[in-house]
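For reference, the structure is listed below as structure tokens.
Throughout, read-outs are computed from the coordinates displayed, never taken from laboratory work. What you see is a predicted model, and the numbers here were worked out from it, not measured in a lab. When we count neighbours, we look across all protein chains shown, and the Cβ atoms used for this are built from the backbone with ideal geometry, even at glycine.
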Amino acid sequence: MDKTDKLYAFAMERKIVTSDELAQFAENIFGKNYQYLYIKYLRRLMADGRLKRVRRGTYAAVNIYEKQRPPPDKYLIGAKLRGTYYLGYHTALELHGSAYSAYNSCYVAAPDNMKFRPFKYDNLSFKSVVTRNLKTEIHTLKYLGQDIHISSPSRTFVECVYRPDLCGGYEEAVKSLDGLGGTTAKGILASLALYKKDSLYRAVGYFLEWMIKNSPYYGHIRDGDLEKICSSIGKKPTYLMKCKKTKIIERWNIYVPKNFEEMFLGVR
């Protein structure tokens, strides 16, 4: 096996490789730097179709021996776009195995100084979401032999309620959250504390109470846990969303669309 083949084998093992990983490989195997590797070998691999540039500093290995080539793995791509990150929102729902629908998008939460412009690659779309906290309720998942960071079920629940637009809208979010296992009252409260938004406490309480009544995955959440969330809401009513016909949910002091819960019927 020559050096080009060694590099290709390394890329195939990782599936998605970054310039940092390649630089370490070049130093360990060739005793050279990344620039030498790029000029001498990476260009050759890209020219013959064995390696494709996803974006600057990120490459996807292509199995040239397969006739039916699978699409590049969006989770590995998303996990390697930034050094400090986590995969969240609908992407986290997918990784937790509860997403109601399959999406071609990948949401990467990262600090403001690490955000990137949305881009597309091979029918996949990638978008960064700015976040201030990358420690609370963030789990490390072993995926295809590599570590990737994702929001915990509890933080995923809260953030899907907070940003349903990043989860396919309320209907997709609710139908996905209905099958989400692993949430904890402690984790949900910790995730809510990151935002400290009165309206979010109300919305999460409202959806969580519905899940407790209707989904087998939330039976461990007690009414006392809901009361802890309820104790953080104000007296003035708020709206879940703008619409003409609404009804008030007394416990959470929040207005929701009058026929809002009809969209949940498809869950059962």
Could you compute the FRET efficiency for residue 132 and residue 46, with r as their C-beta to C-beta distance and R0 at 45 Å, rounded to 0.05? 0.75
For the pair residue 235 and residue 20, what calculated FRET efficiency results from E = 1/(1 + (r/R0)^6), where r is the Cβ-Cβ distance and R0 = 51 Å, to the nearest 0.05? 0.45
Most exposed first, judged by fewest Cβ atoms within 10 angstrom, 116, 157, 126, 25 run 116, 25, 126, 157
Around residue 65 (Cβ within 15 Å, Cβ-to-Cβ, excluding residue 65; K/R +1, D/E -1) the net charge comes to 0
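For the residues 171, 137, what sequence is obtained by ranking on other C-beta atoms within 10 Å, fewest first?
Numbers: 171 17, 137 23.
Placing the least packed residue first, the sequence is 171, 137.
I'd like the GluC sites (Glu not before Pro) in region 192-259 restricted to DSSP loop residues with at most 12 other Cβ atoms within 10 Å, sorted by number.
Numbers: sites: 209, 227, 250; in loops: none.
Filter output for region 192-259: empty list.
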Which loop trypsin sites (Lys or Arg not before Pro) in region 162-251, with loop taken from DSSP, have no more than 16 other Cβ atoms within 10 angstrom of their Cβ? 196, 197, 222, 235, 242, 244, 245
Within a 10 angstrom radius of the beta carbon, how do 139, 96 rank from fewest other beta carbons to most? 139, 96
What nm value, rounded to one decimal, do you get for the distance between residue 163 and residue 9 when each label is placed 7 Å out toward the C-beta? 4.1 nm
Between residue 140 and residue 251, what is 0.36 nm times their sequence separation minus the Cα-Cα distance? Round to one decimal in nm. 36.4 nm
